[in-house]
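Trainee: Provided herewith is a single structure, encoded as structure tokens, for subsequent inquiry.
Read-outs throughout are calculated quantities, based only on the coordinates presented, and are distinct from any laboratory measurement. A quick note: this is a predicted structure, and the numbers were derived from the prediction, not measured. As a convention, Cβ positions derive from the backbone with ideal geometry for all residues, glycine included, and neighbour counts pool all protein chains shown.
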């Protein structure tokens, strides 16, 4: 997710604002300390125009 | 868990409840003949509520606890509440044992334990039916 965010030139705060979560939550997801709920995972995937499977690696969740 | 936008008024629920508790303190102390203590209690709760509202402007975590928009912070709140409940259960059990070991009444520990137990069973049934 970090790669897609940085590729889009977005800061964690900007992505957090778009997804209506905190910057801390974005950071926790990117560092693997927090696994998002299914609705948030879908929202993230839709934001990047991708699928949940492409954004998140279930084997390393 | 939800990540949808919630009305901004949710942010003010906890400060408002703090203020309401303060007024309940005031009424209780006034009925008991100690209105000044009631005013002190009200002041403490108003300050607490105002402090939360102000802190929410600066802290992402406090803001998340107040507006309930962030699922991760809401989850943290849930786990912290469960941990607090465990601490209270241990304190009630310890108080109960110490009290009866001293030959004193089991009150209020037995009553608090019963309320906690019934609340837990009721909550399990409620969430079992609803989810």
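Trainee: Among B:17, B:98, B:87, which one moves the most in a GNM of chain B with springs linking Cα atoms closer than 10 Å?
Mentor: Residue with maximal mean-square fluctuation among B:17, B:98, B:87: B:98.
Trainee: Is chain A best put as rounded, prolate or oblate by its Cα gyration tensor, with a ≥ b ≥ c the root eigenvalues, rounded for a/c under 1.5, and otherwise prolate when a/b is larger than b/c, oblate when not?
Mentor: Working: a/c = 1.39, a/b = 1.21, b/c = 1.14.
It is rounded, given that a/c, with a ≥ b ≥ c, falls under 1.5.
Trainee: Measure off 7 Å from each Cα along the Cα-to-Cβ vector at residue B:55 and residue A:17, then give the distance between these two points in nanometres to one decimal.
Mentor: Here the answer is 2.6 nm between the modelled labels.
Trainee: What average count of beta carbons from other chains do you get within 10 Å of the Cβ of residues in B:55-67?
Mentor: On the way: counts 0, 0, 0, 0, 1, 7, 2, 0, 1, 4, 0, 0, 1.
Partner-chain Cβ atoms within 10 Å, mean over residues of B:55-67: 1.
Trainee: Could you check the simple spin-label distance between residue B:37 and residue A:54, using points 7 Å along Cα→Cβ, in nm with one decimal?
Mentor: Roughly 6.6 nm, to one decimal.
Trainee: So, in nm, how far is label residue B:128 from label residue B:47 when the simple model puts each one 7 Å beyond its Cα toward the Cβ?
Mentor: If labels sit at residue B:128 and residue B:47, their model points lie 4.6 nm apart.
Trainee: Which whole-number percentage describes the relative contact order of chain B, with Cα contacts under 8 Å and a sequence gap of 6 or more?
Mentor: About 21 percent, as a whole number.
Trainee: Sorted from fewest to most neighbouring beta carbons within 10 Å, what does the list A:33, B:128, A:23, B:69 look like?
Mentor: Ordered from fewest to most neighbouring Cβ atoms within 10 Å, A:33, B:128, A:23, B:69 come out as B:128, A:33, A:23, B:69.
Trainee: Right, next: Name the shape class, rounded, prolate or oblate, that the alpha-carbon gyration tensor gives for chain B, where a ≥ b ≥ c are the square roots of its eigenvalues, rounded holds for a/c under 1.5, and otherwise prolate holds if a/b is larger than b/c and oblate otherwise.
Mentor: Oblate, because a/c is 1.5 or more while a/b does not exceed b/c.
Trainee: Need one word for the stretch B:1-69: rounded, prolate or oblate. Basis is the Cα gyration tensor (sqrt eigenvalues a ≥ b ≥ c); a/c below 1.5 gives rounded, then a/b vs b/c decides. Could the numbers behind the result be given before it?
Mentor: Working: a/c = 4.61, a/b = 2.51, b/c = 1.83.
In terms of gyration-tensor shape, prolate.
Trainee: A follow-up question, please. With no solvent and one point on each alpha carbon, what is the Debye value of log10 I(q)/I(0) for the protein assembly as shown at q = 0.15, 0.17 Å⁻¹?
Mentor: Debye intensities relative to I(0), on a log10 scale: -1.08, -1.20.
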